[in-house]
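Here the structure comes first, spelled out in structure tokens, and everything after it is commentary.
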Amino acid sequence: MMVRLQLLLLLFFLLIVKTVAQNSSQSTASKQVSTFIIEATQLHTAKKIWVYLPKNYVTSKKKYSVIYMHDAQNLFDAKTSYSGEWNVDEKLDSLKAPIIVVAIEHGNEKRIDELTPYKNDKHGGGNADSYLEFIVKTLKPHIDKTFRTKTKKKNTSIMGSSLGGLTSYYAVLKYPEIFGKAGVFSPSFWFTKDIYTLTKKSKKIKSKIYFLCGDAESDEMVSDLNKMEYLLNSNRCSCLNLNEKRIVKGGQHNEKLWRDGFVKALLWLGY
């Protein structure tokens, strides 16, 4: 567990260092991406939000499905990412996907706290309830009011990696009436055993869940994911095809794995 925490801290340190180093570089975010600041009273701070709109949004009158994503700094722009962006905007452009992406910037030193649902005895954290409450009660109503969105759960997804994968999975358990789909990439299930207990107690999990990880991330990543899949299938029939698992041979805990897996996850989850 200590090794995994050290990895998270190292990745965070590299994020800070590279972000500072790239401040003068050119942005790679497309013209479809914009940002705004919103008060997050649940977190006692303000949050910077990145929004991707499809190319035909302005000329169209139709409504769009929405994906809520974490760690916005790493999704659209090489200037703000620390080990390569996900290229979410370019990938959606190529698909001509009728989707709006709403991405929340992580809280820097508060990232571990915001993206973990339970406190770890050694590493702290445990404030994901407030973070998700911000998304559900403040951010989503603002997005639905400001943009033409499809508001039903079947049109509302949540997606993230590492700690963002953990809290995305937690989100569909805590708010099944809000999030009908989740992309759960390299989830940090190691952070708390309580997430397994919650899964056992959640008997009516109807959201679609796409799991992705690499077999070279850590000694426990694949076994942790298999354990969670087993618990899910114990609560709901696998015949429903509500969860999918993809394990990438040689895949490591990095942006490349998540970038390469984004489109397949999106297509399986549907929009």
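The values are calculated or read from the model by the stated rules, or taken from the named source; none is laboratory data. All of these numbers come straight from a predicted model, not from anything done at the bench. Note: ideal-geometry Cβ built from the backbone for every residue, glycine included; neighbour counts use all protein chains shown.
Side notes on the structure shown:
- Segments classed as strands (runs of 3 or more DSSP E), wholly inside region 164-268, with at least 1 members that are within 26 Å of residue 107 (Cα to Cα): 181-185, 208-214
- Where helices (runs of 4 or more DSSP H) fall wholly inside region 26-137, the ranges with 3 or more residues that are closer than 26 Å to residue 155 by Cβ are 88-95, 128-133.
- Residue 126 fulfils the conditions (1) on the phi > 0 side of the Ramachandran plot; (2) in contact with a helix residue (DSSP H, G or I) (Cβ under 6 Å, 6 or more places away or on another chain) except for a single criterion, (2).
- Index of the failed condition, residue 210 passing every other in (1) out of contact with any strand residue (DSSP E or B) (no Cβ under 7 Å at 6 or more places or on another chain); (2) at pLDDT 95 or above: (1)
- Residue in region 136-149 that is touching a helix residue (DSSP H, G or I) at 6+ places or on another chain (Cβ under 8 Å), at pLDDT 95 or above and not hydroxyl-bearing (Ser, Thr, Tyr) present: yes
- Single residue of 150, 96 found to be surrounded by 15 or more Cβ atoms within 10 Å (Cβ to Cβ) and charged (D, E, K, R): 150
- Single match in 110, 122, 137 (criterion: over 19 Å from the mean Cα position of the chain (by Cα), touching a residue at least 60 places away in the same chain (Cβ under 8 Å) and surrounded by fewer than 20 Cβ atoms within 10 Å (Cβ to Cβ)): 122
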